[in-house]
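Student: Once you've had a glance at the structure underneath, I'll fire off some questions.
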Amino acid sequence: MVTTGTAPQSPDLARLLAAHRPQGPVETADHARARALVGAPDAWDRGTPLHFTASALIVHPPTHRVLLRWHVRQQAWLQVGGHGDPGETLPLDIALREGLEETGLTDLTPWPDAALVHLAVVPVPASPVEPAHEHADLRFLLATGTPDDARPENPASPLEWLTVEEARRRTTEENLRETLDRAARLLG
């Protein structure tokens, strides 16, 4: 681990972003903004105007289905994921933890590998406890072999297994549609 400022920074984050090849002008701009955050002492701090989050689209490769979760705050069907807990700086580990917490799936594994699938800077509206801000969301694909074991973490956040096309229609987020399209290409 390399230390800068008061918070440790993972060299894995720099390597992950260096290995990722953005697709198109929007992701290229988002990628540049995210790379500029690497090494900042508050890069994962949810109190900053732009900070990292990690998420995952969970897939069941044999059926070509994806899992979406109703996100109460965003009022949208989204992938699983969120903020790192204090001290967490490994994006894939954060995505795996969030996936387990939000779905109960204990067999999640990076699929088809541990590479970053998509990077999107997404706006987050203000809430009673936080001002509006942005997430530099690092997105992975995680696979499960036990889709019927998925359970929502609470009744207000249901889960749905959908085909990619159904998921594209269900979500209101264009950046998630891009993630879905990339997953569809990998699912074949």
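The values are calculated or read from the model by the stated rules, or taken from the named source; none is laboratory data. Treat the numbers as computed from the prediction; the structure is a model and nothing was measured. For neighbour counting, all protein chains shown are included, and Cβ atoms are generated from backbone atoms with ideal geometry for every residue, glycine included. The area values use the complete protein model at the heavy-atom level, side chains included, leaving out ligands, DNA and RNA. Shrake-Rupley method; radii C 1.70, N 1.55, O 1.52, S 1.80 Å.
Student: Rg and Dmax of segment 50-133, using alpha carbons, in Å: what are they?
Tutor: Reported Rg and Dmax, both Å: 13.5, 42.
Student: Moving on. Can you give me the accessible area per residue for segment 99-188, using a 1.4 Å probe, in Å²?
Tutor: Result: 48 Å² of accessible area for each residue.
Student: Can you run phi through the Karplus equation (6.51, -1.76, 1.60; θ = phi - 60°) for segment 65-81 and list ³J(HN,Hα) in whole Hz, with x for Gly and Pro?
Tutor: Result, rounded to whole Hz: 9, 10, 10, 10, 10, 6, 9, 4, 4, 7, 6, 7, 7, 9, 6, 7, x.
Student: Write down the radius of gyration of the chain and its Dmax, each obtained from C-alpha positions, in Å.
Tutor: 15.7, 46
Student: Could you grab the relative contact order for segment 86-143? Cα pairs under 8 Å, six or more apart, rounded to a whole percent.
Tutor: 35 percent.
Student: A follow-up question, please. Could you tell me which of Gly24, His71, Ala36 has its Cα farthest along the dipole of segment 18-81 towards the positive end, charges placed at Cβ (Lys, Arg +1; Asp, Glu -1), taken about the Cα centre?
Tutor: His71
Student: Give me the dipole magnitude in Debye, nearest 20, for segment 59-188 about the Cα centre, with unit charges on the beta carbon: positive for Lys and Arg, negative for Asp and Glu.
Tutor: 400 debye
Student: Given labels modelled 7 Å from the Cα in the Cβ direction, how far is it in nm from Asp113 to Arg21?
Tutor: Going from the Asp113 label point to the Arg21 one covers 1.2 nm.
Student: If you add up the charges near Leu100, with Lys and Arg at +1 and Asp and Glu at -1, over every other residue whose beta carbon is less than 10 angstrom from its beta carbon, what do you get?
Tutor: Overall, the nearby charge balance is -4.
Student: How big is the convex hull of the Cα atoms of segment 111-156, per residue, in Å³?
Tutor: 111 Å³
Student: Which Cα, out of Thr146, Leu159, Leu186, lies furthest along the positive dipole direction of segment 138-187 (beta carbon charges, K/R +1, D/E -1)?
Tutor: Leu186
Student: Right, another one. What part of the accessible area of the chain, given as a whole %, is carbon or sulfur when the probe is 1.4 angstrom?
Tutor: 57 percent
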